[in-house]
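Chemist: What follows is a single structure, and I will ask about it in a moment.
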């Protein structure tokens with residue numbers, strides 16, 4: 001990869017856009033060259049924290065005049081697809097916050113825009129870059145490479161994203177957003193770590209529980225993959241602190257993140273083939289955030305920083321970690337879950353939108 005920094009434009013100066021701006025501050029691979037925010041209130045708040053970053057209020061003017069390698073869309077979900085298409089049509093690569101799209105039509109529009117522009121597009125699913133998920137992916141890759149046969153049969157898994165329900169301002173987009181679409185943080189890392197794709201939503205509890213702070217419905221769903229595994233993903237807004245936990249079960253092994261829900265806790269691994277005992281055995285596998293993030297460790301906002309690094313390397317013709325196909329697949333699983341709930345739990349198939357789109 002070239003030692004020259006990639007340049008980035010952030011679209012949206014709300015809470016998530018501000019987090020991304022912090023992650024870009026001092027980033028060794030990517031520099032923030034501007035922010036687009038049409039709201040005068042949000043723009044003023046952003047300028048207070050980042051007085052050195054140019055803030056634009058007109059989208060067309062910003063995209064026309066700004067020189068950047070890529071943009072990150074951090075606007076409310078209802079705008080994600082529209083903003084992604086606008087960015088791609090202006091010749092910029094794009095990372096889009098979760099969920100990437102809200103409908104099949106939007107998915108096709110984003111895929112078509114990526115094809116027209118020839119620029120990379122992916123979802124900014126930073127939970128795939130947590131140290132536990134990165135460690136699980138590396139471990140699964142080793143298990144797969146250890147066999148000359150087909151990839152191991154993954155039977156299923158669970159992804160619990162238990163969302164903190166304090167400190168959120170009432171009246172935000174979450175208060176009236178269909179949260180069944182927002183299962184990406186539970187499902188995305190499962191698909192990413194196993195290399196699978198969502199095929200259909202086979203069950204959904206659309207009610208789940210109601211977040212006290214957000215007033216939003218936090219659903220749970222069963223999602224079947226293209227290899228026949230079934231992933232259970234759940235969101236909850238009634239926890240005193242944010243917890244994130246994933247479990248992946250195969251025919252010969254199982255791996256789960258820290259049951260306490262921490263992001264840096266050790267993995268718990270069951271490996272029948274690698275054990276001296278006939279019935280197999282459990283072991284603890286350490287998670288080393290410093291090794292995961294390398295020179296990014298200790299800077300703060302490491303998942304976002306690593307996500308931005310990986311996308312910058314994709315632009316420099318490296319191997320992408322999360323491409324357009326997987327990104328749209330994760331988002332459409334959430335769309336299908338919402339439709340399944342409205343259809344009294346009738347399974348909804350998730351047809352592929354693209355087989356591959358590259359630069």
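The values are calculated or read from the model by the stated rules, or taken from the named source; none is laboratory data. Every value quoted in this text rests on a predicted model; they were computed, and no experiment measured them. Neighbour counts are summed over all protein chains in view; Cβ atoms, including those assigned to glycine, are modelled from backbone coordinates with ideal geometry.
Chemist: Can you confirm whether the range 27-40 contains a residue that is in contact (Cβ under 8 Å) with a residue 60 or more places away in the chain and out of contact with any helix residue (DSSP H, G or I) (no Cβ under 7 Å at 6 or more places or on another chain)?
Modeler: Checked against the condition, which is being in contact (Cβ under 8 Å) with a residue 60 or more places away in the chain and out of contact with any helix residue (DSSP H, G or I) (no Cβ under 7 Å at 6 or more places or on another chain), the range 27-40 yields no hits at all.
Chemist: In addition: Can you tell me which residues in the range 2-25 are in contact (Cβ under 8 Å) with a residue 40 or more places away in the chain, farther than 17 Å from residue 316 by Cβ and out of contact with any helix residue (DSSP H, G or I) (no Cβ under 9 Å at 6 or more places or on another chain)?
Modeler: Across the range 2-25, the qualifying residue is only 16.
Chemist: Sticking with this one: Got a sec? Which of 308, 315, 296, 324 is at pLDDT 95 or above and not assigned by TED's automatic domain parsing to the domain that holds residue 191?
Modeler: Going through 308, 315, 296, 324 in turn, just one is at pLDDT 95 or above and not assigned by TED's automatic domain parsing to the domain that holds residue 191: 308.
Chemist: Could you identify the single residue in 40, 76 that is surrounded by fewer than 19 Cβ atoms within 10 Å (Cβ to Cβ), farther than 27 Å from residue 107 by Cβ and at pLDDT below 95?
Modeler: None of the other options fit; the residue is 40.
Chemist: Sticking with this one: Within the range 338-359, take every residue that is modelled with pLDDT under 90 and outside any loop (DSSP other than H, G, I, E, B) and give me the one that is surrounded by the fewest Cβ atoms within 10 Å (Cβ to Cβ).
Modeler: That would be 342.
Chemist: Let me ask you something else. Helices (runs of 4 or more DSSP H) wholly in the range 59-153 with at least 1 residues that are in contact (Cβ under 8 Å) with a residue 60 or more places away in the chain and in the same structural domain as residue 189 (by TED's automatic domain parsing) - which ones?
Modeler: Answer list for the range 59-153: 131-145.
Chemist: Answer yes if at least one residue in the range 244-253 is at pLDDT 80 or above and on the phi > 0 side of the Ramachandran plot, and no otherwise.
Modeler: Taking every residue of the range 244-253 in turn, none turns out to be at pLDDT 80 or above and on the phi > 0 side of the Ramachandran plot.
Chemist: On to the next question. Go through the range 287-312 and give me each residue that's surrounded by fewer than 17 Cβ atoms within 10 Å (Cβ to Cβ) and part of a helix (DSSP H, G or I).
Modeler: Within the range 287-312, 290, 291, 294, 295 qualify.
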